[in-house]
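Here is the structure we will look at.
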Amino acid sequence: MRIHPTRRWSRRIAAAALAIVAVATTTGVSACSSSTSAGSTTSPATGQHVAAGDFSTAMKAPGTIVLDVRTPAEYASGHLPAAQNIDIEAPDFATRIAALDKAATYAVYCHSGNRSGTALEQMSAAGFTHVYDLAGGIGAWQEMGGPRAMGGS
């Protein structure tokens with residue numbers, strides 16, 4: 001019995017579609033769900049630039065250390081609550097980050113996101129494994145209405 005050419009192609013297409021579905025199912029690929037839940041307190045991926053709302057949530061995760069990499073004068077004019085100031089433009093920046101726990105989680109920010117992006121690169125190169133920054137810097141934080149603390153050095 002000879003199969004009609006149209007049926008042969010239909011069967012091949014069906015077999016290919018079935019194979020794709022089988023591979024997607026066995027490897028855990030899903031287009032309808034993500035690996036983190038809406039209420040998750042896990043930190044963003046290392047090197048990720050995070051929007052202000054997500055940064056606010058992620059920095060509240062237990063053990064997260066918030067770093068302000070602006071100058072001491074900028075820090076004193078207003079910073080995120082509980083932020084530590086390590087000026088990326090200071091000559092001892094590399095020494096100061098080397099003294100930090102490389103396994104801890106760091107939420108880094110600056111004025112606009114440029115210096116914190118540079119800090120991410122340097123910290124990742126130094127072996128830090130959990131570092132992300134605030135996209136748009138403290139300006140984005142202020143636009144969101146995030147709290148700020150004044151003073152300090």
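What follows is calculated from the coordinates using simple rules that are stated; it is not laboratory data. This one's a predicted model, so the numbers in the text were calculated from it and none came from an experiment. Please note: Cβ atoms are built from the backbone with ideal geometry, for glycine as well, and neighbour counts cover all protein chains shown.
Can you give the local net charge around G137? Use residues other than it whose beta-carbon is closer than 12 angstrom to its beta-carbon, Lys and Arg +1, Asp and Glu -1. Kindly include the intermediate steps, with their values, before the conclusion.
Numbers: positive: R70, R115; negative: D68, E74, D133, E143.
With Lys, Arg at +1 and Asp, Glu at -1, the net is -2.
Take D133, D87 and order them by how many other Cβ atoms sit within 10 Å, fewest up front. Mind showing how you got there, number by number?
Numbers: D133 28, D87 19.
So the residues, fewest neighbours to most, are D87, D133.
Relative contact order of the stretch 49-144, please, whole-number percent, based on alpha carbon pairs below 8 angstrom and at least 6 residues apart. Present the calculation step by step, with values, prior to reporting the outcome.
On the way: 163 pairs, mean separation 33.1, N = 96.
Rounded, it is 34 percent for the stretch 49-144.
Of L134, L100, how do they rank once you tally other Cβ atoms within 10 Å and put the fewest first?
On the way: L134 30, L100 16.
The fewest-first ordering by Cβ neighbours comes to L100, L134.
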